Amino acid sequence: MQYAIVRNGKSRSFPEGDSFLSSAVAIENAEVVIYLGAAIVSDQAKSAVLVELGTESLAVHTGEDADEAFANVVGFARYRNGDDPPSRLVELVRRPWTKDGAVEAARKVFEAAGLEVVVCADQPGRIIDRLVRPKYNAALRLLDEKLATQADMDLTCRLGLGYPDGPIERVKRGGLAYHFEVTQALFETYGTPAYAPPRQAVVAALRKRNGK
Amino acid sequence: MTTIRTVGVCGAGGTMGAGIAIVAARGGFRTISYDVSAESLERAAKQTANFFAKSVERGKLTSDERDAILARMEHTTKIDDLAACDLVIEAVFEDLEIKQNLLRELDRVCPTHTIFASNTSTLSITEIASGCSRPDKVVGMHFCLPAQLMKLIEMSPGLLTSEETFKAAWRWTEQCGQTPVKTQDRPGFILNALLVPFNNDAIRAVEAGVATPADIDKAIKTALGYKMGPLELIDLVGLDTQVRLCEAFYPITLDPRAAAPPLLRRMVAAGLLGRKTGRGFYTYDGATMFGA
């Protein structure tokens, strides 16, 4: 399935040089149009119109209520742990009224590029950030409370659960300032303490803001 | 410092206890497996013999080494037989009163130098130790399942545990080839403090209609490199076990993430306990996935 890309600035899913970008065709020849950082233009003639999401809801682009003009719009984000390279996972985001055909077209485009696709509802944090950010928060708070050393906490998760890396080394590698950005957005929408940015992330964000 | 030569394992008829006994005997220590049930001990002894037979088949042990290990293992249903132990590790049912009563009995039976270690995963070491007259000689020693294969041990001193006791117990785990990590005496130590709420969050995501169980597990495995997704893991350990863990953590921590999600309770009420009943978040008699 051929796709076109409309870009505006940097994409977290497909950074400069990603082979996915070079396989795009002109819009008039594409069945699917992918917007990276650019405002979407509805186009009912296409199988799907895809919009890359950051921490925002898909409804920011489509509106909350069912709208035929946006029924083929699907949100997506390729999961990336902060500054780490993008993973192979693409989370597709749909509204209740998104057409199944549009979701399937989006799936085909990404799977053809060798990526793994999951589908989720338009809820903050999608799947991964919704689940892992509270765990990283808990780990960082427990570290502050001296439950154990960082090395022992990470080692425990690697040996006890078979994780490839521990939660603290992972969140630090991705960048604590980025963790602040994501958890702040989640906290603003969910309002529950589990998503509140932990001290270390607040410090990192303030230092970044102050140019340190 | 206490020199450990003989190790007792209480609850050795169970899966965890039997695994700990293997670790101790394999580490070169005379090991006395104790359980109130002779049948359970017999079953565990057969499983242990099979385990070592496979170790020989796979070239991990010679038959002479296997014979030497098995010769170090004894079994008893009499608690008084633990009088010879320098270290007793309890892996009995996860109930504070049961563990406190056991330590009181051990207190009576064992010499004053004997160290008592608890394999609890949720209870306070300090509270368990309050059941005996030697709280300075009680230490947390949480093995992971299956103990005979997993290297990790979470070591926790209670408030009154002496440094000498902690060091002696720590050194013993290293002598057995295990990897100890030190944690405070807090609910769930490290592993379960992070895992139980995370698993609950995954259940809540299913309940909130975020995605199917299959897509949640696929996302976690693909993005994070975990071997198993959280819902697959809950199905493996049992949904009823997850409820029990929540019931152990939530009243102590009052952390909302540790509270059992309503969907979990409904599934347990419906008998959907995971692999053990053939259906949990997935079904196991075919390729169909519940909720997918």
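The values are calculated or read from the model by the stated rules, or taken from the named source; none is laboratory data. Just so it is clear, the model here is predicted, and its values are computed rather than measured. Methodologically, a virtual Cβ is constructed for each residue, glycine included, from the backbone with ideal geometry; neighbour enumeration extends over all protein chains shown. Note: accessible area is taken over every heavy atom of the protein model, side chains too, but ligands, DNA and RNA are not part of it. Shrake-Rupley method; radii C 1.70, N 1.55, O 1.52, S 1.80 Å.
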Scanning the stretch B:226-263 residue by residue, those more than 27 Å from A:Ala196 (Cβ to Cβ) and within 14 Å of chain A (Cβ to nearest Cβ) turn out to be B:Lys227, B:Met228, B:Glu232, B:Leu236, B:Val237
Picking from A:Lys46, A:Lys10, the residue that is over 19 Å from A:Arg88 (Cα atoms) and in contact with a strand residue (DSSP E or B) (Cβ under 9 Å, 6 or more places away or on another chain) would be A:Lys46
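Could you pull out the residue among A:Ala194, A:Ala205, A:Ala185 that is touching a Lys or Arg at 6+ places or on another chain (Cβ under 9 Å) and of a type outside the set (S, T, N, Q)?
Selected residue: A:Ala194, the only one of A:Ala194, A:Ala205, A:Ala185 that is touching a Lys or Arg at 6+ places or on another chain (Cβ under 9 Å) and of a type outside the set (S, T, N, Q).
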* Asked: Is it fair to say A:Asp165 is surrounded by fewer than 17 Cβ atoms within 10 Å (Cβ to Cβ) and either touching a strand residue (DSSP E or B) at 6+ places or on another chain (Cβ under 8 Å) or not basic (Lys, Arg) (or both)?
  -> yes
For the stretch B:87-131, the count of residues that are of a type in the set (S, T, N, Q) and crowded, with 19+ Cβ neighbours inside 10 Å equals 7
(1) within 16 Å of the chain's Cα centre (by Cα); (2) surrounded by fewer than 21 Cβ atoms within 10 Å (Cβ to Cβ); (3) not small (Gly, Ala, Ser) all hold for A:Leu50 apart from (2)
Counting only residues in the stretch B:138-153 that are out of contact with any Lys or Arg (no Cβ under 9 Å at 6 or more places or on another chain) and part of a strand (DSSP E or B), the one farthest from B:Gly177 (Cα to Cα) is identified as B:Val138
*asked:* Looking for something within 16 Å of B:Thr6 (Cα to Cα) and either open to solvent by less than 70 Å² (accessible area, probe 1.4 Å) or touching a residue at least 40 places away in the same chain (Cβ under 8 Å) (or both) - is there at least one such residue anywhere in the stretch B:43-66?
replied: no
Flagged in the stretch A:1-39 as more than 20 Å from A:Lys108 (Cα to Cα), open to solvent by 30 Å² or more (accessible area, probe 1.4 Å) and aliphatic (A, V, I, L, M), in numbering order, are A:Ala39
